[in-house]
Amino acid sequence: MRYRTLGGTGIEVSVHCLGAMMFGMVGNTDHEDSARIIHTALDAGINFVDTADMYSRGESEEIVGKALAGRRDEVVLATKVHFPMGEGPNRGGNSRRWITRAVEDSLRRLRTDWIDLYQVHRPDHTTDIEETLAALTDLVRQGKVRAIGCSSFPAQDIAEAHHVAERRGLYRFRTEQPPYNLLARGVETHQLPTAQRYGMGTLTYSPLANGFLSGKVRKDQPVDLTTGRPALTPFRFDASLPENAAKFDALEKLTELAADLGVPLAQLAVAFPAAHPAVTSVIIGPRTMEQLTSLLAGVELELDDATLDRIDEIVPPGTDLYRADGAWQPPSLAASRRRRPIGERAAA
């Protein structure tokens with residue numbers, strides 16, 4: 001397994017990161033089987049594990065914590081904070097009040113004294129970024145957190161966070177975690193170049209586009225919408241929807257490309273983000289041992305320029321055929337922010 005430095009921290013992480021979102025009630029409910037998957041990944045050389053407090057409402061962190069017993073020092077452990085973890089208006093977000101509570105809960109569930117990378121899962125425009133960074137800085141100084149990062153932050157929010165950190169003498173985000181895959185290349189336009197500009201590490205998620213690039217989905221074949229990722233987001237897999245037409249057309253061409261290379265489509269999909277110079281680690285999120293074994297079989301796949309050129313012809317750089325992030329949208333896209341009041345819209 002190859003390793004890369006994480007955002008100037010000096011921490012070396014594997015190019016594949018084991019994502020734990022599918023461990024727990026939304027995926028693999030068997031804790032022992034999930035632990036075996038984690039151990040197999042570690043034995044294969046993966047030393048980077050990413051989870052979040054909201055994955056299965058804390059169950060994922062509990063599974064990871066149990067699985068890492070006796071092996072904690074081997075692992076660079078990442079988790080996240082932001083999404084609601086209970087009833088009430090202050091049980092989520094990026095406030096100091098919630099972060100200081102949420103980190104203690106994560107440490108308890110993970111059975112550890114420190115978190116290597118603590119990430120803000122989404123922006124929160126109700127909280128001043130200085131408030132968030134100040135709370136995270138205190139956690140680093142207390143030794144509970146080694147480094148801090150963000151996830152799915154627009155480029156302008158990344159830049160603002162770095163400017164605030166510099167002005168106020170606070171710790172800065174060392175990493176960004178955006179969605180990035182063969183069908184979702186919009187981050188190539190702004191987020192990845194911005195992360196590079198600020199010397200950030202990038203760990204990308206959804207390389208299989210929530211299972212769409214798993215090799216099990218084809219244009220003219222029915223999709224089982226009752227299990228796995230299709231059950232969570234069935235609208236992404238409905239070939240009858242007009243907005244999915246270009247995505248299914250690209251899927252067929254990418255499947256042909258993978259066949260020409262003699263590899264499964266899933267392995268091509270995972271290899272693609274790792275070829276970008278801004279990407280430090282690609283998060284893979286297997287639900288089963290079979291899925292993990294299949295992805296690990298492709299760790300040595302290196303895409304040459306000719307292959308990347310063919311991918312560019314199918315899905316041009318910076319193009320999004322697949323919206324990988326349905327959990328958050330910039331407030332600027334809300335109708336109230338895009339429309340002047342009636343009576344003020346005309347030029348005269």
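How would you order 255-264, 195-204 from highest to lowest mean count of nearby Cβ atoms within 10 Å?
Peptide ranking by packing, descending: 195-204, 255-264.
Counting pairs of alpha carbon atoms under 8 Å apart in space and at least six apart in sequence, what relative contact order in percent does the chain give?
Value for the chain: 18 percent.
Counting residues in region 188-322 as N, plug N into 2.2 N^0.38 Å and put the Cα Rg over that result.
The value comes to 1.06.
So how far, in whole Å, is the C-alpha centre of region 28-70 from the one of region 76-153?
Distance between centres, Cα-based: 19 Å.
Which of the three applies to region 13-76, rounded, prolate or oblate, going by the alpha-carbon gyration tensor with a ≥ b ≥ c and a/c under 1.5 meaning rounded?
prolate
Identify, among 120, 182, 248, the residue whose Cα sits farthest towards the positive end of the charge dipole of the chain, taking +1 on the Cβ of Lys and Arg and -1 on the Cβ of Asp and Glu, with the dipole about the Cα centre.
120
How long are the three semi-axes of the equivalent ellipsoid for region 90-163, computed from the Cα gyration tensor as the root of 5 times each eigenvalue, in whole Å, largest first?
So the equivalent ellipsoid measures 20, 13, 11 Å along its semi-axes.
Would you work out the Kirkwood radius for region 1-119? I mean one over the mean of 1/r across all pairs of different Cα atoms, in Å.
About 14.6 Å, per the Kirkwood formula over Cα pairs.
Please enumerate, by chain and number, the lysines with C-alpha under 24 Å from the C-alpha of residue 66, excluding those fewer than 8 residues away in the same chain.
Result set, ordered by chain and number: 80, 144.
Write down the accessible area per residue of the chain in Å², having rolled a 1.4 Å probe over the full set of protein chains.
46 Å²
Counting just the Cα atoms, what span does region 103-224 cover along each of its three principal axes? Round to the nearest Å and put the largest first.
55, 36, 26
Kirkwood hydrodynamic radius of region 245-326 from all distinct Cα pairs, in Å?
Every distinct Cα pair counted, the radius reaches 13.8 Å.
When ranked by the protection proxy of mean other Cβ atoms within 10 Å per residue, highest first, what sequence do the peptides 107-117, 147-157 form?
On the way: 107-117: 18.6, 147-157: 22.0.
Packing order, densest peptide first, comes out as 147-157, 107-117.
Take residue 260 and residue 39, extend 7 Å from each Cα along the Cα→Cβ direction, and tell me the distance between the two endpoints in nm.
If labels sit at residue 260 and residue 39, their model points lie 4.3 nm apart.
Rounded to a whole number, what % of the accessible area of the chain do carbon and sulfur atoms account for, probe 1.4 Å?
Working: 7660 of 15980 Å².
Of the solvent-accessible surface of the chain, carbon and sulfur hold 48 percent.
Only Lys, Arg, Asp and Glu count, each charged at its Cβ (+1, +1, -1, -1), so figure out the dipole size of region 173-303 about its Cα centre, rounded to 20 debye.
Using only the charged Cβ atoms, the result is roughly 360 debye.
Can you pull the percent of Cα pairs in the chain with separation above 31 Å? Mind dumping the intermediate values first?
Values: 19857 of 60378 pairs.
In whole percent, the share of Cα-Cα pairs in the chain beyond 31 Å is 33.
By average Cβ neighbour count within 10 Å, what is the ranking of 31-42, 331-342 from highest down?
Working: 31-42: 18.2, 331-342: 8.4.
Per-residue Cβ counts within 10 Å, averaged per peptide and sorted highest first, yield 31-42, 331-342.
Using +1 on the beta carbon of Lys and Arg, -1 on that of Asp and Glu, and nothing else charged, what's the dipole of the chain about the Cα centre, debye to 20?
1140 debye
Kirkwood Rh, Cα Rg: Rg to Rh for region 152-232?
1.16
For a Förster distance of 25 Å, can you work out the FRET efficiency between the beta-carbons of residue 308 and residue 216, rounded to the nearest 0.05?
0.55
Starting at the first residue of region 139-156, write each ³J(HN,Hα) from the Karplus equation 6.51 cos²θ - 1.76 cosθ + 1.60 with θ = phi - 60°, in whole Hz, x for Gly and Pro.
Coupling constants for region 139-156: 5, 5, 5, 7, x, 7, 9, 8, 8, 10, x, 10, 9, 6, 8, x, 4, 5 Hz.
The values are calculated or read from the model by the stated rules, or taken from the named source; none is laboratory data. Being a predicted model, the structure only gives us computed values, none of them experimental. Positions of Cβ are backbone-derived with ideal geometry, glycine not excepted, and every protein chain shown enters the neighbour counts. The area values use the complete protein model at the heavy-atom level, side chains included, leaving out ligands, DNA and RNA. Shrake-Rupley method; radii C 1.70, N 1.55, O 1.52, S 1.80 Å.
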